[in-house]
1. Among the strands (runs of 3 or more DSSP E) lying completely within the stretch 143-232, list those that include at least 1 residues that are in contact (Cβ under 8 Å) with a residue 24 or more places away in the chain and of a type in the set (K, R).
2. If the requirement is being surrounded by fewer than 17 Cβ atoms within 10 Å (Cβ to Cβ) and not hydroxyl-bearing (S, T, Y), which of these qualifies: E74, E117, E109?
3. Of the residues I306, I264, which is within 13 Å of the ligand (Cβ to nearest atom), part of a helix (DSSP H, G or I) and either of a type in the set (V, I, T) or within 26 Å of I140 (Cα to Cα) (or both)?
4. In this structure, does E182 turn out to be of a type outside the set (S, T, N, Q), out of contact with any helix residue (DSSP H, G or I) (no Cβ under 8 Å at 6 or more places or on another chain) and within 9 Å of the ligand (Cβ to nearest atom)?
5. Identify the residue in the stretch 267-280 that is more than 16 Å from the ligand (Cβ to nearest atom) and not in a helix (DSSP H, G or I) and, among all such residues, is surrounded by the fewest Cβ atoms within 10 Å (Cβ to Cβ).
6. Could you list all residues from the stretch 248-259 that are crowded, with 22+ Cβ neighbours inside 10 Å and near the ligand (Cβ under 8 Å from one of its atoms)?
7. Restricting attention to the stretch 69-84, which residues are under 13 Å from Y159 (Cα atoms) and either away from the ligand (no atom under 16 Å from the Cβ) or outside the structural domain of N99 (by TED's automatic domain parsing) (or both)?
8. Do we find a residue being within 16 Å of the ligand (Cβ to nearest atom), at pLDDT 95 or above and not in a helix (DSSP H, G or I) anywhere in the stretch 281-295?
Amino acid sequence: METTTLKIPVERTKQSKIDQVDFDNLNFGSVFTDHMLVCNFRNGAWEIPEIMPYQAISLEPSAKIFHYGQSIFEGMKAYKDVDEKIWLFRPLDNFKRLNISADRMAIPELPEEYFMEGLKQLVRLDSEWIPQAAGSSLYIRPFMFASGKGFHASPADEYKFIICLAPSGSYFSGKVKVLIEETYSRAANGGVGYAKAGGNYAGQFYPTQLAVKKGYNQVIWTDDNSHEYIEEAGAMNIFARIGDTLITAPTSDRILDGITRKSILEIAEDEGIRTEVRKLSVTEIVSAAKDGSLKELFGAGTAAVISPIAGFGYKKVDYELPEITDSFAALFKKRITDIQYNRSADKFGWRYEVK
Ligand SMILES: *Cc1c(COP(=O)(O)O)cnc(C)c1O
């Protein structure tokens, strides 16, 4: 039995919006459940979180989030199995990473109990909103930002931690065509690339728009120094399969420590797949594409789980990847989602029931 002493006050909505939602045609993260969790940092401490109806929040124009961008987030999901049991996937890892991001952005760390209890109680309250169709889930967005006021360029003295929930269908459907970036960078040595800081994503939008104009769906980020090493695929970690070896870049200052990425590495080991965590150069990818040994490229992250890449552009040349059966991408996606939806045993202990 889990015990908790944390009593979270709940103000329930007077009128649920659930009947207005078309659960058969859900996009990603565009409708929100009836409730949200809000926790305030004031007078040097995080106050007890509260659950309340999903609603707009009011901030002063001088709130530091608007000026200096102290803002971080997490992304996770809740799943409902055929018996209507509710599951999370490695939630403590999201909690730990939230505080890693918080530290880097000079935001005060949140207590574990506020995150875990707040999350469980909110998900339980809005559990009717967890879709059950294949590939659907309840996307969970915990985030924190500087609500304290003042134009002085220094950390704020007040913050908000909020969790919102969005019932979502599956993320990308098709295979994507990507552009290997030669000019812009997502992250730099000594920078904030390893944090889920809002500004990292704002900085990606413009180069991504340029790539979209050229006919690509997404950018493959390379290292900021030489643009010679592959680092991430959009807001996902990236994997290559050359021959039968799985390769991904090591995490660093510039690369986000993805939970999907590390789960894939553990499953690969369990499957006896040869894995190399090392720098992966564009030259190696291009020559493997030319000689046919590049069998797969895919992105990995919570939203899409695995996003297979159909081809890539580099220095004005397009390269296509072969259509293959028995892809690593399909194998990893199946093993991960089978654990998430409680369709298989969970030998790694990743599944976490919300009772
Ligand atoms: C969130 C994120 C990922 C994936 O992390 P998961 O924990 O697998 O969801 C990878 N790269 C970036 C830049 C991200 O923001």
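The values are calculated or read from the model by the stated rules, or taken from the named source; none is laboratory data. No experiment lies behind these values; they were computed from the predicted model shown. Neighbour counts are summed over all protein chains in view; Cβ atoms, including those assigned to glycine, are modelled from backbone coordinates with ideal geometry.
1. Details: elements: 159-168, 176-180, 218-222.
The qualifying strands (runs of 3 or more DSSP E) are 159-168, 176-180.
2. Going through E74, E117, E109 in turn, the sole match is E109.
3. Numbers: I306 fails: part of a helix (DSSP H, G or I).
Residue meeting the stated conditions: I264.
4. Answer is no for this residue.
5. Here the residue is G272.
6. Selection gives L256, G258, I259.
7. Matches in the stretch 69-84: Q70 only.
8. Scanning the stretch 281-295, I find no residue that is within 16 Å of the ligand (Cβ to nearest atom), at pLDDT 95 or above and not in a helix (DSSP H, G or I), so the answer is no.
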